1. HN-Hα J couplings of the range 32-43 from phi, Karplus 6.51/-1.76/1.60, θ = phi - 60°, integer Hz, Gly and Pro as x?
2. When a footprinting reagent is the concern and you count Cβ atoms within 10 Å, what order do Phe95, Phe6 take, fewest first?
3. How would Leu89, Leu31 line up from fewest to most surrounding beta-carbon atoms within 10 angstrom?
4. Most exposed first by the Cβ proxy, i.e. fewest other Cβ within 10 Å, how do Leu92, Leu4 rank?
Amino acid sequence: MARLVFFCTDATLDCTDSVYGNSFDEILLNLQEHAIAHHAYSNEDASGEDQVAYWRTAITASARQRRTLLVILRDESPLILAMTTIAALVALLVFVVVSLVNL
Ligand SMILES: [Zn+2]
């Protein structure tokens, strides 16, 4: 399972923290806890319907803008995950071969 990252600065203005999770929902949950711990949100504020909707939009927009694991955020199907993994392995293999050729 891929580890996803969300930069808090994409949801609020003045914060350099990041929130991690293994899925979209886990990122959202960790973002709620982060907001309560570090941004003085109450439990009610952090779980409010409008707030959650805003964060969902922010997480999606952040992934799109930063191109970080957008595919996995959109669709967590095993096929997509397998293809992403294979693409990463092929890229690594090409890198290793190019490095060896240049020695
Ligand atoms: Zn923050």
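Nothing in this text is a laboratory measurement; each read-out follows from the coordinates by a stated rule. Computed from a prediction, not measured in an experiment: that's the story for all the values here. In this analysis, Cβ positions are derived from the backbone assuming ideal geometry, glycine residues included, and neighbour counts consider all displayed protein chains.
1. 4, 5, 5, 5, 5, 6, 10, 10, 6, 7, 7, 4
2. So the ranking, lowest neighbour count to highest, is Phe95, Phe6.
3. Leu89, Leu31
4. Working: Leu92 10, Leu4 20.
Arranged by neighbour count, lowest to highest, Leu92, Leu4 become Leu92, Leu4.
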